[in-house]
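Shown next, in structure tokens, is the structure this report addresses.
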Amino acid sequence: PSIDRPAGTPGPATDTGPGWPHLRGPHYNGISPETGLADAWPDEGPPALWIREIGRGYSAFSAAGGRVYTQTQSTYSQSVVCLDADTGRTLWQHRYGWPYDSAGMYPGPRATPTYSQGRVYFAGPRGRVGCLDAADGRLLWSINVLETFEGEGSHFGYSCSPLVEQGMVILPVGGEGASIVALDARDGSTRCATGDEPSSYCSAIPITLAGHRHVVAFLENTLASVDLETGRSLWKLDFSAGYDEHSAFPVYEEPYLMVSGPFRRGSEMYRLDCVEPTGDRPYEVSATRVWFSRKMSNDVASSVLVEDAVYGFDLRDIQSKLHRPSRGEFLCMDFASGDVLWTSDRPGHASLIAADGKLLMLNDSGDVI
């Protein structure tokens, strides 16, 4: 690994607000707290502040302290890159591996770096997970989780973005006794590992239920939850058998958890109930299905929940397409009932975030909407 430090690199990155520290934002729900966004764009689109060529891959951006972080691939290496948010100038670059699938259909990194307390955590497609100093890109520690825990389930490249919670880096890995793994954020040592199911491509997310903080992970055939304080498995739901990939994040508003899947699987809602501890018996959690719908089959683009409505793309192809727009409809769905409120052919298969009463989308044709 090497670090590039251009002359005149600014001082250390600092926390100046919630920013966008994780793939799903500061609250892991795809919603930005920013306001004052333009209600209309010029016909030619919004003016570009800067444009940069940075390489290939599927990593999004995290942001903090006037900097943005992403992962990319060149002809010779994979890297974590830090850019100045105002100018696009490279502040540092950390190379961590050889190119991945460079001659294949899906070259480059899949995961997005996570920023937390002056550090940047990354995951490469071969399972290399590492921690960098956000100020200069210096490597603080790294571990290959697929090799260490003999992980299974991510045959198209490890894609889970690190979740940093309560001093731990939490990742679905898919090993025997290590479906979900928590590493110490300071040094990468193992804090706990639990479960025996193979993983998939969806990162873990934290949820709060009756004051307890959990981690939910969508594995290859299972939706599972782990208690953050103890590492104890709380509940799991079996979804299928054999190969069944999951990439889209669950949508949560206490106590309801909505999940959707590819291959025209549709979506379903669960109510989570917490039974408080009695005597030596720890608290327990149960999940009860509230509704099921054939609509809102998310594949690689996750939905967002805004004011009791879920917005996302209902994929009608078996899976997302490489050389043409994927077929389906963009939906607005009632969170409580699963009823479809409206549909649109305009956005197409789009990843999206919500901000200031608007949906900001990037679809698979390259349109920003």
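Take the conditions (1) part of a strand (DSSP E or B); (2) touching a Phe, Trp or Tyr at 6+ places or on another chain (Cβ under 9 Å); ALA111 misses just one of them, which is (1). For region 302-318, the tally of residues that are farther than 12 Å from LEU359 by Cβ, part of a loop (DSSP other than H, G, I, E, B) and in contact (Cβ under 8 Å) with a residue 24 or more places away in the chain stands at 4.
Among the residues of region 241-270, the ones that are more than 19 Å from the chain's Cα centre (by Cα) and open to solvent by 40 Å² or more (accessible area, probe 1.4 Å) come to 8 in all. Scanning region 319-343 for residues that are among the small types (Gly, Ala, Ser) and either open to solvent by 80 Å² or more (accessible area, probe 1.4 Å) or modelled with pLDDT under 95 (or both) yields SER320, SER326, GLY328.
Rundown of residues vs (1) surrounded by fewer than 18 Cβ atoms within 10 Å (Cβ to Cβ); (2) under 26 Å from the mean Cα position of the chain (by Cα); (3) among the hydrophobic types (A, V, I, L, M, F, W, C), yes/no style:
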site	(1), (2), (3)
PRO46	yes, no, no
ARG52	yes, yes, no
SER59	no, yes, no
GLN73	no, yes, no
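Within region 1-28, restricting attention to residues that are modelled with pLDDT of 90 or more and open to solvent by 50 Å² or more (accessible area, probe 1.4 Å), the residue that is nearest to ARG67 (Cα to Cα) is LEU23.
Among the residues of region 300-307, is any open to solvent by 40 Å² or more (accessible area, probe 1.4 Å) and out of contact with any strand residue (DSSP E or B) (no Cβ under 9 Å at 6 or more places or on another chain)? Yes, region 300-307 has at least one match. Reported count of residues in region 115-130, each being within 17 Å of SER179 (Cα to Cα) and of a type in the set (Gly, Ala, Ser), is 2. Could we say that ASP101 is acidic (Asp, Glu) and out of contact with any Pro (no Cβ under 6 Å at 6 or more places or on another chain) here? No. Every test in (1) surrounded by fewer than 17 Cβ atoms within 10 Å (Cβ to Cβ); (2) modelled with pLDDT of 95 or more is passed by ARG316 save one, and that test is (2).
Only one of the numbered conditions (1) of a type in the set (D, E, K, R); (2) closer than 21 Å to HIS214 by Cβ; (3) touching a Phe, Trp or Tyr at 6+ places or on another chain (Cβ under 8 Å) is violated by GLU329, and that is (2).
In this structure, is SER116 open to solvent by less than 40 Å² (accessible area, probe 1.4 Å), under 22 Å from LEU219 (Cα atoms) and touching a Pro at 6+ places or on another chain (Cβ under 9 Å)? No, not satisfied. Being in a strand (DSSP E or B) and touching a Pro at 6+ places or on another chain (Cβ under 8 Å) is the requirement here; does VAL68 meet it? So VAL68 does not fit the description; no.
Tell me, please, whether a residue that is among the acidic types (Asp, Glu) and in a strand (DSSP E or B) can be found in region 264-280.
Taking region 264-280 as the starting set, the residues that turn out to be among the acidic types (Asp, Glu) are 268, 273, 276, 280.
With in a strand (DSSP E or B) added as a condition, the list becomes 268, 273.
Taking every residue of region 264-280 in turn, at least one turns out to be among the acidic types (Asp, Glu) and in a strand (DSSP E or B).
The values are calculated or read from the model by the stated rules, or taken from the named source; none is laboratory data. The model shown is predicted, which means the values in this text are computed figures rather than measured ones. Positions of Cβ are backbone-derived with ideal geometry, glycine not excepted, and every protein chain shown enters the neighbour counts. For accessibility, only protein heavy atoms count, side chains too; no ligands or nucleic acids. Shrake-Rupley method; radii C 1.70, N 1.55, O 1.52, S 1.80 Å.
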